[in-house]
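**Q** Right, I'll just put the structure down here and ask away after.
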């Protein structure tokens, strides 16, 4: 272990990400104070910026540091933020990453409209790149995000869900945008078809792993971290991978427990501990992590088609690090 | 007056509109039953289809009857429907055109997601036309729709609103999509810049008139027609043109009345009649209709740049008829 601070893609693209921020601010109409306020709120509460970084790094692999990847990275962040705004309305969430959600502060009306505005702006940004192929990739991803969320509604509060249905959900709601963020970066950088497909595979598989880890964290965190409350998914009876895998192995009594807690949402304060005990008994968390790790391996091997350079090294690191996330 | 049934654009484009319907159904993912259900519901409750007809007729003026105008007309209808779905969530509406709203039947979650899906699909349809200019026009219109709706929130329940602010609201939320529906039809039909601008002006001005008439009808209908309940806007204290113009002319007592009923929403059963009496006293409805008529005249004169043909004649008729709407 070196004591020097490790350089990450966040450092490599510091300047480009500032340009993304500028583009975001420029596009939040100052004549609509409420919209500007919501935008500022969202930028301050910014997350890991993983999606725009992926777009920038993919284009960087092919030596494209022009304005086009900046525009696409902004579009990708806008689409992501729009879905968060709408998710919070749909879920009636009060907090995200420890920060009050927009719908909590400004109401559902403003959140729905702000999401629509960001979504429309994202397409305007894409038009500026003059790339119909990048547009096609991101509009298809946007459709699939919504389809994934519909599917999620269909399987909600049902522990007896097929694992394929779960993958359809997370493939749509999370992995497609990761895939398209990468793919569109290669498209505007004039990559060939093999590279475009490889970029999508890299992003899509990271997205699957990313969501699995997100779902696992709810059952493994020792204490509340950065606004994520342990056991939130359990309390809402969300049909996530740990529940589905635990259900498959559970005996009759345990299945009754899942039906009561996840399907009927009749929970008492000891139930969460008991749920974790069942998962421990059947090594569910290990199984989830193994699956996530398999996806990361596919993701990394997708990079083989690209030339060796520092961006590729960073992209491999980023893939590996996404397995070690704790928040 | 002829006793023969008058031919309208709805008849002229009957076959094309069927193709639009087919495109709509094709795009409503059958694997998501809820989405297919919502789509079917929306198509059954279909309105006047004025926006897709405008796209088809504009392209028709330049002899383009290819698949591209069909794709754009479908995209325009999807954008319109997406905004309706989100408006109903925002307004918590129970009925639209006498039919239960999607949010009433399937809940806010499904309505927000269905709107997002239609919006994403609309961009996918536009990509198929290969026209970045048409895409740009419709993505900019989508931004402006949301900006108009934000502005509408800002002026809500305020009778002392500047008329310019009202025009900014209806320009954004209604007229831009009319403008872009027309403009994009000319763009894909390879019209020149003068024709593109003229098409936008035709649609935009019809849109303004259309919304003014919509706002007037709330105070002029004799009885409830096709799901529109007389006085709904008044009950909600909506800041529409009749209110703004009446406020400007009102004396102290009448201003107090508007503040109580529109701003504070303290209403009793005789208030609506009294509101209509104030409007009668100052000839407000006539003034609104005069404004709408002025916009229609601009709209019709915009058509001068186009060659004489039956589509142009029908477009003039459509403009004039929009003044005579009663629902």
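**Q** Residues that are within 14 Å of chain B (Cβ to nearest Cβ), modelled with pLDDT under 95 and more than 17 Å from the chain's Cα centre (by Cα): does segment A:58-70 have at least one?
**A** no
**Q** Quick one: in segment B:138-162, which of the residues that are more than 8 Å from chain A (Cβ to nearest Cβ) and part of a helix (DSSP H, G or I) is farthest from residue B:259 (Cα to Cα)?
**A** Residue satisfying both the conditions and the ranking: B:138.
**Q** I'm trying to understand the selection: among the residues of segment A:111-137, which are assigned to a helix (DSSP H, G or I) and either more than 7 Å from chain B (Cβ to nearest Cβ) or in contact with a strand residue (DSSP E or B) (Cβ under 9 Å, 6 or more places away or on another chain) (or both)?
**A** The answer is A:111, A:114, A:115, A:118, A:122, A:125, A:126, A:128, A:133, A:134, A:137.
**Q** Which residues, counting only those in segment B:72-104, are within 14 Å of chain A (Cβ to nearest Cβ), at pLDDT below 65 and surrounded by fewer than 16 Cβ atoms within 10 Å (Cβ to Cβ)?
**A** Listed by number, the list holds a single entry, B:92.
**Q** Looking at segment B:165-172, is at least one residue outside any loop (DSSP other than H, G, I, E, B), surrounded by 23 or more Cβ atoms within 10 Å (Cβ to Cβ) and more than 14 Å from chain A (Cβ to nearest Cβ)?
**A** Checked against the condition, which is being outside any loop (DSSP other than H, G, I, E, B), surrounded by 23 or more Cβ atoms within 10 Å (Cβ to Cβ) and more than 14 Å from chain A (Cβ to nearest Cβ), segment B:165-172 yields at least one hit.
**Q** So residue B:180 clears everything in (1) within 11 Å of chain A (Cβ to nearest Cβ); (2) touching a residue at least 60 places away in the same chain (Cβ under 8 Å); (3) in a helix (DSSP H, G or I) except one condition, right? Which one?
**A** That leaves (1) as the condition not met.
The values are calculated or read from the model by the stated rules, or taken from the named source; none is laboratory data. What you see is a predicted model; the values in this text were computed from it and never measured. Because the Cβ atoms are built from the backbone with ideal geometry, glycine has one as well, and the counts that use them run over all protein chains shown.
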